[in-house]
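Structure first, commentary second.
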Amino acid sequence: MEFKAEAKYIKVSPQKARLVVDLIRGKKVYDAINILKFTKKKSANPVYKLLKSALANASSTGRVDIDNLIVRKINVDMSLSLKRLMPKAMGRGATIKKRMSNIKIVLEEI
């Protein structure tokens, strides 16, 4: 049985979030939680909260053994980009894109 959770508009670029997500893909849930607790990246905290949310979705059914759950699928997609201007030489402005991420996770029982 699959259990899903999704976090939208996380203020971390997708490229940086994928570094953290690749660490936990395919791992057991409690191993993934331990990895995320000790990862020193900005995107580790939102991914940790998302994993806990998916775990709460799984435990709310009451029919699943939480010790046998694995992270089957986890995706990071690009969301909105906030466009800002940075002053440059001779009165010009360069655009800066502040990117956001959408993260989806699927847990499955072994």
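Below is a table of values for the structure above.
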read-out: Mean Cβ neighbour count within 10 Å, used as a protection proxy, ranking 78-86, 96-104 highest first; value: 96-104, 78-86
read-out: Vicinal HN-Hα couplings computed from phi for the stretch 3-8 (Karplus, 6.51 cos²θ - 1.76 cosθ + 1.60; Hz; Gly/Pro x); value: 10, 10, 8, 9, 10, 10
read-out: Modelled FRET efficiency - R0 35 Å, LYS73 with LYS40, Cβ distances, 0.05 increments; value: 0.90
read-out: Charged-residue dipole, Cβ positions (Lys, Arg, Asp, Glu), the chain about Cα centre, Debye nearest 20; value: 1020
read-out: The stretch 2-109, Rg to Rh (Cα coordinates; Rh as Kirkwood inverse mean 1/r); value: 1.14
read-out: Principal-axis tilt of helix 14-24 within the chain, Cα atoms, nearest 10 degrees; value: 20
read-out: Helix-only CD estimate at 222 nm, as mean residue ellipticity for the chain, using -39500 (n - 2.57) per DSSP H run (n ≥ 4); value: -11000 deg cm²/dmol
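Taken together, the values in this text are just the output of simple stated rules run on the coordinates, not laboratory data. Everything numeric in this text was worked out from a predicted model, so none of it was measured. Please note: Cβ atoms are built from the backbone with ideal geometry, for glycine as well, and neighbour counts cover all protein chains shown.
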